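**Q** Okay, handing you the structure first.
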Protein chains: 2
Amino acid sequence: MAVTIKDVAKIANVAPSTVSRVIANSPRISEKTKKRVREAMEELGYHPNFIARSLANQSTQVIGLVMPASADKTFQNPFFPEVLRGISTAAHEKQYALQMSTGETEDEIYEGVMQMVQGRRVDGVILLYSAVEDKIIKYLQKENFPFVLIGKPFEQVEEITHVDNDNYRAAREATEHLIELGHKRVAFVGGSIHLVVTIDRLLGYEKALRNAAIPYKDEYIIQEEFLKEGGQGAISELLSLDEPPTALVVADDLMALGILNTLHDMGILVPDQMSIVSFNNVLLAEVARPPLTSVDINIFKLGFQAAKTLIQMVKDPSEPTKRITIPHNMVIRQTCKEFKGD
Amino acid sequence: MAVTIKDVAKIANVAPSTVSRVIANSPRISEKTKKRVREAMEELGYHPNFIARSLANQSTQVIGLVMPASADKTFQNPFFPEVLRGISTAAHEKQYALQMSTGETEDEIYEGVMQMVQGRRVDGVILLYSAVEDKIIKYLQKENFPFVLIGKPFEQVEEITHVDNDNYRAAREATEHLIELGHKRVAFVGGSIHLVVTIDRLLGYEKALRNAAIPYKDEYIIQEEFLKEGGQGAISELLSLDEPPTALVVADDLMALGILNTLHDMGILVPDQMSIVSFNNVLLAEVARPPLTSVDINIFKLGFQAAKTLIQMVKDPSEPTKRITIPHNMVIRQTCKEFKGD
DNA sequence: TTGTATGCGTTATCAG
DNA sequence: CTGATAACGCATACAA
């Protein structure tokens, strides 16, 4: 049996409640007794039991993390270690611990979140992705449980506290960059259309085209998971069009890497024959050949702000709904080139 | 206030203790009352409070995860999402939750682990990396707290339960592969020498050289973090030697990718002018150009077995110390070629 | 400034 | 088969 508050009390010749107050550093305890109690704690090697404290407090000092289904390919995206790092840093500062959801399928995750929440294992929850029609969000809202979403909610944008980039603008700017370079045939290669971020970026892309009075073509829009295959199929389809694109807006560095390699295999030179701009600016973007021009979305900050905001909400339930936008900036590397043609 | 066991008891017209037994599905309760109680639970939407249960039980059903310092570059390695997936799967099966350490520096992590353990927040701990001279391991041993190490312990190999690959053999085989292809000038590019895995792989490499009666050269051994830089410095140094290597054993896919790109920039063709074999076989290995010949170490299984083993230990403290070896196998792709020269 | 008593939601022991 | 009752370790309202 571990040493408890009572043992300390006995040694220090005080009541257990006094020890408890010393731990909380209550100002109503004399410095003298504090010192005595602390010595006793030291002597016995006392450490407070968080579980007991949680029960008495009705608060666990733990944040729940909802990851995408681990069977899901998005789990492999370097995005996650980086958000985690941001969340972890903020949580550590405020002395919060982190608990992850487990589960391979969506339903398993949902179950797990219910357990976390109902079982009062966590004080609040961060959703690390934003999908359309998310059961979990609906559940959390029904339970009136504090949560923060990383990304943009599919619906009820005003009622859900979230931290996101302005992906619409980011995609518009990325596309404009290509247009300014003279490209008129610009295709969009996106991730799962079930992710809100894909939708936003697609819309931004369209807007840029419209602004430049470039007609929008359905054949130029591709949605696929590119992780393994490098999207050979989709890419070669794109290239076999009557008017193949000369530039690509790719929703993600990892995809872009796959595409880069596929193009390489096909003997198509980047950026000479094809320009590419992608998003996220993870390590991969630097390490790719040629290095990727990529929109840095500040993943670390996304995580950091999400955790910070959630902790505020947990501490003060009257905190209003918030919408935090993390700035982005395009990092120009070597995958875009001026288009000189028709 | 959430609905408790007492509310259920009242509705079902039984004592709280009976409800508790129904939850545990005790065989000493009649089916009739079980049914009645379950209906009451359903009606009220009851969910057990894990915190209270933990306190009564002295067990949390939570596994602690010790990650490398988040400031550390290894954190970016795709190794981690994949071990996590393995751990998560095993934990989910056995209804365990996962709690992560937070902290940017080694000391912060150490503090965090102490809190986890002393605060009885977790029932056991998995260390996701194995470093030399690890304070945390010593602490866990002193506390006699259940833990499993992923990787090989630096010392006390027999006293620490761990799950690892046979990295010595894996590196030997990888090197032999190159030697069989006719390479005699084989260099070794490793990660941090503070990681036991680096040491093991280096030893395996040396062994293969010795077996083939190829003299070992200090200039052929490189230890560096290659994440960002692609190791330009080290690589060009290697190439400017009097007898530059014709093949590389690289301790990690991520490094190999950097090297691949650096070589590309230098105009050196892989595999024609330089053969490469690396380790881990993560997604990156497939997606690299040329695709990497890499030793698959079954990262998922490392995690899965670690969690499974830890749970056994937690449930039955008399479980003996174990040493679990996960098989590896080399995946031949396109970065190795026969050497025809001197 | 400190001590006493009670509760947090469960489980487990002991009667019945 | 089921019901009281006492832990589990800590926090806090109320007393002193």
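The values are calculated or read from the model by the stated rules, or taken from the named source; none is laboratory data. None of the values given here were measured: they were computed from a predicted structure. So basically every Cβ, Gly included, is an ideal-geometry build from the backbone, and we count neighbours across all protein chains shown.
**Q** Look at region B:261-277 and say how many of its residues are within 14 Å of chain A (Cβ to nearest Cβ) and outside any loop (DSSP other than H, G, I, E, B).
**A** Filtering region B:261-277 down to residues within 14 Å of chain A (Cβ to nearest Cβ) leaves B:261-270.
From what's left, outside any loop (DSSP other than H, G, I, E, B): B:261-266.
Going through region B:261-277 one residue at a time, the tally reaches 6.
**Q** OK, next. Between residues in region A:12-32 that are closer than 15 Å to residue A:47 by Cα and within 14 Å of chain B (Cβ to nearest Cβ) and residues that are in a helix (DSSP H, G or I) and away from DNA strand D (no atom under 11 Å from the Cβ), which pairs lie under 9 Å by C-beta distance while being six or more apart or on different chains?
**A** Going by the 9 Å Cβ cut-off, the qualifying pairs are A:23/A:37.
**Q** I would also like to ask the following. Residues in region A:111-118: is at least one within 13 Å of chain B (Cβ to nearest Cβ), without any contact (Cβ under 8 Å) to a residue 60 or more places away in the chain and assigned to a loop (DSSP other than H, G, I, E, B)?
**A** First pass over region A:111-118, keeping only residues within 13 Å of chain B (Cβ to nearest Cβ): A:111-118.
Now drop any that are not without any contact (Cβ under 8 Å) to a residue 60 or more places away in the chain, which leaves A:111-118.
Pick out the ones that are also assigned to a loop (DSSP other than H, G, I, E, B) and you get none.
Scanning region A:111-118 turns up no residue that is within 13 Å of chain B (Cβ to nearest Cβ), without any contact (Cβ under 8 Å) to a residue 60 or more places away in the chain and assigned to a loop (DSSP other than H, G, I, E, B).
**Q** Select from region B:8-28 the residues that are crowded, with 18+ Cβ neighbours inside 10 Å, over 44 Å from the mean Cα position of the chain (by Cα) and within 12 Å of DNA strand C (Cβ to nearest atom) and list them in ascending order.
**A** B:9, B:14
**Q** Any idea which residue in region A:291-319 is surrounded by the most Cβ atoms within 10 Å (Cβ to Cβ), counting only those that are in a strand (DSSP E or B) and not polar (S, T, N, Q)? Let's see the steps before the verdict.
**A** The first filter runs over region A:291-319 and keeps only residues in a strand (DSSP E or B), leaving A:293-296.
Now drop any that are not not polar (S, T, N, Q), which leaves A:295-296.
On the way: A:295: 24, A:296: 17.
Result: A:295.
**Q** Name the single residue, out of those in region A:83-96 being over 20 Å from residue B:81 (Cβ atoms) and crowded, with 19+ Cβ neighbours inside 10 Å, that is nearest to DNA strand C (Cβ to nearest atom). Working first, answer last.
**A** So the first thing to find is which residues in region A:83-96 are over 20 Å from residue B:81 (Cβ atoms), and the list is A:90, A:92-96.
The next check asks that each one be crowded, with 19+ Cβ neighbours inside 10 Å; those that pass are A:90, A:92, A:96.
Working: A:90: 28, A:92: 26, A:96: 20 Å.
Once the filter is applied, the top-ranked residue is A:96.
**Q** Pick out the one residue from B:98, B:127 that is out of contact with any Lys or Arg (no Cβ under 7 Å at 6 or more places or on another chain), facing chain A (nearest Cβ under 10 Å), under 17 Å from residue A:98 (Cβ atoms) and not basic (Lys, Arg). Don't jump to the end; show me each part of the working.
**A** Numbers: B:127 fails: facing chain A (nearest Cβ under 10 Å).
The match here is B:98.
**Q** For residue A:33, only one of the following conditions fails: (1) within 16 Å of DNA strand C (Cβ to nearest atom); (2) at pLDDT 90 or above. What is its number?
**A** Single failed check for residue A:33: (2).
**Q** Could you pull out the residue among A:309, A:335 that is of a type outside the set (A, V, I, L, M), touching a residue at least 12 places away in the same chain (Cβ under 8 Å) and within 14 Å of chain B (Cβ to nearest Cβ)?
**A** On the way: A:309 fails: within 14 Å of chain B (Cβ to nearest Cβ).
Step by step, each of A:309, A:335 is checked, and only A:335 is of a type outside the set (A, V, I, L, M), touching a residue at least 12 places away in the same chain (Cβ under 8 Å) and within 14 Å of chain B (Cβ to nearest Cβ).
**Q** Tell me, please, whether a residue that is crowded, with 23+ Cβ neighbours inside 10 Å and of a type in the set (Ser, Thr, Tyr) can be found in region A:251-264.
**A** No, there is no match, as no residue in region A:251-264 is crowded, with 23+ Cβ neighbours inside 10 Å and of a type in the set (Ser, Thr, Tyr).
**Q** Okay, next question. Identify the residue in region A:215-251 that is part of a loop (DSSP other than H, G, I, E, B) and within 13 Å of chain B (Cβ to nearest Cβ) and, among all such residues, is modelled with the highest pLDDT.
**A** Taking region A:215-251 and keeping what is part of a loop (DSSP other than H, G, I, E, B), we get A:215-217, A:224-231, A:240-246, A:251.
Next cut, within 13 Å of chain B (Cβ to nearest Cβ) only: A:225-231.
On the way: A:225: 62, A:226: 54, A:227: 52, A:228: 54, A:229: 59, A:230: 58, A:231: 66.
For region A:215-251, the residue satisfying everything is A:231.
**Q** Output the residues belonging to region B:183-203 that are among the small types (Gly, Ala, Ser), under 30 Å from residue B:140 (Cα atoms) and crowded, with 22+ Cβ neighbours inside 10 Å. Break it down stepwise before answering.
**A** First, pick out the residues of region B:183-203 that are among the small types (Gly, Ala, Ser): B:187, B:190-192.
Adding the requirement that they be under 30 Å from residue B:140 (Cα atoms) leaves B:190-192.
Residues satisfying the conditions are B:190, B:191.
**Q** Does region A:38-46 contain any residue that is among the hydroxyl-bearing types (Ser, Thr, Tyr), more than 9 Å from DNA strand C (Cβ to nearest atom) and surrounded by 17 or more Cβ atoms within 10 Å (Cβ to Cβ)?
**A** Restricting attention to region A:38-46, the residues satisfying the condition of being among the hydroxyl-bearing types (Ser, Thr, Tyr) are A:46.
Pick out the ones that are also more than 9 Å from DNA strand C (Cβ to nearest atom) and you get A:46.
In the following step, the residues that additionally are surrounded by 17 or more Cβ atoms within 10 Å (Cβ to Cβ) were identified as A:46.
Yes: region A:38-46 contains one or more residues that are among the hydroxyl-bearing types (Ser, Thr, Tyr), more than 9 Å from DNA strand C (Cβ to nearest atom) and surrounded by 17 or more Cβ atoms within 10 Å (Cβ to Cβ).
**Q** Check region B:164-182 and report whether any residue there is buried (at least 22 other Cβ atoms within 10 Å of the Cβ) and under 20 Å from residue B:309 (Cα atoms).
**A** yes
**Q** Let me ask something else about it. Name the residues in region B:55-82 that are buried (at least 21 other Cβ atoms within 10 Å of the Cβ) and either within 16 Å of DNA strand C (Cβ to nearest atom) or modelled with pLDDT of 95 or more (or both), would you?
**A** B:60, B:62, B:63, B:64, B:65, B:66
**Q** Then there's this: Among (1) surrounded by 19 or more Cβ atoms within 10 Å (Cβ to Cβ); (2) more than 15 Å from residue A:86 (Cα to Cα), where does residue A:341 come up short?
**A** The failed condition is (1).
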